[in-house]
Amino acid sequence: RERAESASIVASVRDIADFAAGDEEDLAKFPNATHKFIQPHALDGGPVLYVGSPHMVVEGLETQEAGRDLLGMVLTHATSPSFTYFHAWDAGDVVVWDNTQTLHHSMPYDRSSPDVVRELYRTQARFA
């Protein structure tokens, strides 16, 4: 934890596969974002890990390799079975999560049938 508290994480839209084909003018609209690796949660002040992708860069450690190792260790731990939830969707399901404390991603699905429709509605709530 001590090493993580001294580190920062750099997120870049250039490292997201969906943006890989973007042209330079579009990518320039999204500057890199740097955050502390561990931040206080906005509501309860508890520690929150600011990680989301193995492509993020960790700064503030001895070497880039040390940063990659720390990020890899944290992601491996955070995505281990005891911290993983897979949802088997049924019509009408709603899933709610605290986006500041949850790693999430979609899973592949069969798009070959016109009967398979994937719909996602997103909403946000901000707490004062």
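The values are calculated or read from the model by the stated rules, or taken from the named source; none is laboratory data. Everything numeric here is computed off the predicted structure, so don't read it as measured data. Virtual Cβ from ideal backbone geometry, glycine too; neighbours counted across all protein chains shown. The area values use the complete protein model at the heavy-atom level, side chains included, leaving out ligands, DNA and RNA. Shrake-Rupley method; radii C 1.70, N 1.55, O 1.52, S 1.80 Å.
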**OP:** Any chance you could give the angle, 0 to 90 degrees and rounded to 10, that helix 64-78 forms with the longest Cα principal axis of the chain?
**Re:** 40
Subject >> Rh by Kirkwood over Cα pairs, then Stokes-Einstein D for the chain at 0.692 mPa s and 37 °C, µm²/s >> reply: 188
Subject >> Distance in nm between pseudo-label sites at Leu43 and Ala125 (7 Å out along the Cβ direction from Cα) >> reply: 0.7
**OP:** Report in % the part of the accessible area of the chain that belongs to carbon and sulfur, leaving out ligands and nucleic acids; probe 1.4 Å.
**Re:** 55
**OP:** Could you tell me which of rounded, prolate or oblate describes region 80-128, using a ≥ b ≥ c as the square roots of the eigenvalues of the alpha-carbon gyration tensor, with rounded for a/c under 1.5 and, failing that, prolate when a/b is larger than b/c and oblate otherwise?
**Re:** oblate
**OP:** Let me have the 222 nm mean residue ellipticity of the chain computed from DSSP H runs of 4+ only, each contributing -39500 (n - 2.57), with the sum over all residues rounded to the nearest 500.
**Re:** -4500 deg cm²/dmol
Subject >> Where the chain is the region considered: accessible area per residue in Å², 1.4 Å probe >> reply: 83
Original post:
Order of 94-100, 64-70 by packing, highest average Cβ count within 10 Å first?
Top reply: 64-70, 94-100
Subject >> Charge tally in the Cβ shell below 14 Å around Tyr85, where Lys, Arg are +1 and Asp, Glu are -1, Tyr85 excluded >> reply: -2
**OP:** Would you work out if region 12-73 is rounded, prolate or oblate? Take a ≥ b ≥ c from the square roots of the eigenvalues of the alpha-carbon gyration tensor; rounded if a/c is under 1.5, else prolate when a/b is larger than b/c, oblate otherwise.
**Re:** oblate
**OP:** Just report the Cα centroid separation between region 104-128 and region 1-23, whole Å.
**Re:** 23
Original post:
Taking a quarter of the surface of the convex hull around the Cα atoms of region 1-43, what do you get in nm²?
Top reply: 4.3
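Over region 1-103, what is the relative contact order in percent, taking alpha-carbon pairs closer than 8 angstrom and at least six residues apart? List each step's numbers first, then the result.
Values: 108 pairs, mean separation 27.5, N = 103.
Relative contact order of region 1-103: 27 percent.
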